[in-house]
Structure formats: structure tokens, C-alpha cells
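Novice: My structure is below; once you've seen it, I'll send some questions.
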Amino acid sequence: MNAAKASTGLRTGLRITGAVFGGYAVTALAVTTAAALLARSGLARSEAVALAAMTGFIVYLALLLWAFSVPSLARLWGVLALAMAAMGAVLYLLA
């Protein structure tokens, strides 16, 4: 019984960690990428950063909600890692 309880606690901790810290990392990369793309498309730099930052709140909320609704921890961490890698690659290409 204790092993099952520990396993459940570990899975819950991993899900919370993925939701809070992984979601924050993805959101930070998304905001940075969106601001760079918007600025490159002709929007003033200050307006691009403000627009990207405002949409970042919605992205973070959506990621938090999704992280607790996805049934598999592997899928959660895989999608977070893939999103971070994709946005990191876009930022690298823009620099």
C-alpha cells in the first residue's frame, strides 16, 4: 500500500513540476519568439513585446490547464520538451 501511495505522490509531483516550471519555460520561450517574430514583421518593438507578453498569460493558463488534463506524464513532458526545442530553434534562426 505504501509503494502505491509513494508512486501516486511522485506522479503528482512530476505533473505539478511539469505544469508550473515546464509551462513557465514554454511560455517564456513562446513570448520571446512571438515578440521577435512580431518585431521582425514590422510592428514596433515595444508594441511587439507588449502584445506577446499579454498573450503569454493566456498561453500559460492554457498550459497549466492542459498539464492537469493530459492522461500521460510521458506525453506531458514530451510535448513540453518538443515545444521548447521548436521555439528554441526558431529563436536561434532569428538571431
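Novice: List, in order, the whole-Hz ³J(HN,Hα) value for each residue of region 17-26 obtained from phi through the Karplus relation with A = 6.51, B = -1.76, C = 1.60 and θ = phi - 60°; use x for Gly and Pro.
Specialist: 4, x, 5, 6, 7, x, x, 5, 5, 5
Novice: Follow-up. State the percentage of accessible surface on the chain attributable to carbon and sulfur atoms; use a 1.4 Å probe and exclude ligands, DNA and RNA.
Specialist: So the carbon and sulfur contribution to the accessible surface is 75 percent.
Novice: Ratio to report: Rg/Rh of the chain, with Cα atoms as the point set and Rh obtained by the Kirkwood method; give two decimals.
Specialist: The Rg/Rh ratio comes out at 1.12.
Novice: Using only Cα atoms, tell me the angle between helix 45-69 and the longest principal axis of the chain; keep it within 0 to 90° and round to the nearest 10.
Specialist: The answer is roughly 20 degrees.
Novice: Figure the gain on full extension for T12 and A86 (residue separation times 0.36 nm, minus the Cα-Cα span) and round it to one decimal in nm.
Specialist: 24.0 nm
Novice: Return one whole number: the accessible area per residue of the chain in Å², for a 1.4 Å probe.
Specialist: Dividing the accessible area of the chain by its residue count gives 66 Å².
The values are calculated or read from the model by the stated rules, or taken from the named source; none is laboratory data. Computed from a predicted structure; not experimentally measured. SASA here: full protein model, heavy atoms, side chains in, ligands and nucleic acids out. Shrake-Rupley method; radii C 1.70, N 1.55, O 1.52, S 1.80 Å.
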